[in-house]
1. Is it possible to state the helix-based mean residue ellipticity at 222 nm for the chain, with each DSSP H run of 4+ residues giving -39500 (n - 2.57), the sum divided by total residues, to the nearest 500 deg cm²/dmol? What is it?
2. Kindly flag which residue pairs out of Lys235/Lys272; Lys193/Lys286; Lys286/Lys320 have an alpha-carbon separation exceeding 29 Å in this structure.
3. Quick one: net charge around Met345, please, counting Lys, Arg +1 and Asp, Glu -1 for every other residue with C-beta under 10 Å from its C-beta.
4. What does the convex hull of the Cα atoms come to per residue for region 160-218, in Å³?
5. Where does each of Val78, Val315, Val132 land when they are ranked from fewest to most other beta-carbon atoms within 10 angstrom?
6. Phe184 versus Asn351, label points 7 Å from Cα toward the beta carbon: distance in nm?
7. Of Lys75/Lys348; Lys75/Lys128; Lys173/Lys278, which sit over 29 Å apart, Cα to Cα?
8. Assign unit charges at the C-beta atoms only (+1 for Lys and Arg, -1 for Asp and Glu), then state the dipole size of the chain relative to its Cα centre in Debye, rounded to the nearest 20.
Amino acid sequence: MTRAGFLNAALIAAVCLNCMPYVSKDRRGKLVKVAIECGVDQVNISGVNGNKYYNNHRITQAGNFPMHFGPRDGKVTVNGHDYRGNLEVRKIDGTLWVINVLDFESYLKGVVPCEIGGISERQLEAAKAQAVAARTYARAHIGQYAELGFDLYATVQDQVYKGIPCERILTNKAVESTAGEVLFYRNQPIEAKYHSTCGGRTADFSDAWSGTSPTYLRSVICRYCTESPHYEWQKTMTRDNFFGHIRNRLNRINIILERGELIHSFRITRNKRSHRIKELILKTNKSEYKIPNYRIRTLFGEPGDPGGLLKSNYVYVNMKSDEVVIRGRGFGHGVGMCQFGALEMANKGKNYRHILYHYYRGTRIRKLR
Ligand SMILES: [Zn+2]
């Protein structure tokens with residue numbers, strides 16, 4: 001047995017004595033499991049297992065899993081980053097996954113500042129709106145990756161969570177002053193989508209994802225994000241580059257053009273409420289392809305764009321004789337709360353309830369215990 005293997009076996013023996021005391025049978029109301037390291041070969045962890053404190057202990061794939069670590073002085077550490085709560089290290093498909101198990105409110109303290117950025121005292125109400133939206137999102141997504149043993153990724157795939165180093169006094173205050181508050185629609189926590197900048201009006205849910213839009217995720221006018229650097233933007237390409245680019249990106253949305261198949265033209269239909277692209281109909285010399293709205297950002301995105309996606313699908317494409325001008329608005333999927341809008345609403349004296357009810361129409365805040 002390698003030294004690491006021996007140590008890991010010792011850890012498991014201690015864990016069995018401990019029997020995971022922190023995992024409640026009724027976890028849904030109290031704890032959330034967040035994947036903070038995904039598919040790695042090794043990880044360094046500081047935390048308590050049994051009666052022993054392990055300091056920057058290297059874990060490799062050779063151990064027995066899952067392993068559990070509790071906090072010392074209120075924190076556990078993963079690769080030098082401090083987190084509240086406990087850790088669970090699992091082996092999934094031959095790689096290590098580190099899951100932070102902690103209460104909802106502690107989790108939110110590590111989410112809100114990452115998601116809304118730095119705020120001033122005047123913008124506290126926007127941070128409170130963000131706290132309620134993020135709490136609602138987390139509540140609605142508990143159990144979504146149950147087969148992998150966690151609830152949420154710590155990235156934009158769900159919500160960005162960076163633990164204790166990310167926390168700020170003002171955003172902690174926003175979380176504490178809204179503790180337990182969740183947005184409901186018809187007795188269910190809502191799908192609380194939010195984004196950076198809507199560009200003047202938010203999107204319908206169906207502009208960004210397949211499926212129908214819930215009533216509370218329909219487009220509303222937003223007059224508050226005009227100061228965002230993403231409010232309006234523009235891209236220009238030569239015609240050849242534009243069509244060459246589309247041709248290259250079609251395989252990302254599972255359309256493969258045949259040899260000799262050339263793009264002739266395209267036509268765009270729009271969602272009248274949100275002004276987003278509803279459908280792009282691409283004509284070639286051999287066929288016609290209908291590309292739905294939620295594929296547009298992938299189709300037009302370039303390697304330099306965040307995530308390889310066009311900043312938004314609130315775009316107008318102007319074909320000129322030798323160039324193509326794409327005029328766009330906003331940044332992100334555009335659905336739900338506009339974060340730049342929320343910050344400006346707070347600047348203008350609106351409270352967090354007013355902000356949330358503006359972007360999520362027909363919802364109500366409930367306080368969960
Ligand atoms: Zn906006």
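FYI, it's all coordinate maths here, none of it is from the lab. Treat the numbers as computed from the prediction; the structure is a model and nothing was measured. Note that each Cβ is placed from the backbone with ideal geometry, even for glycine, and that neighbours are counted across all protein chains shown.
1. -7000 deg cm²/dmol
2. As for pairs spanning more than 29 Å Cα to Cα, those are Lys193/Lys286.
3. Charge balance near Met345 sits at +1.
4. 141
5. Val78, Val315, Val132
6. The two pseudo-label positions are separated by 2.0 nm.
7. Among Lys75/Lys348; Lys75/Lys128; Lys173/Lys278, the Cα-Cα distance tops 29 Å for Lys75/Lys348; Lys173/Lys278.
8. Dipole about the Cα centre, nearest 20: 1080 debye.
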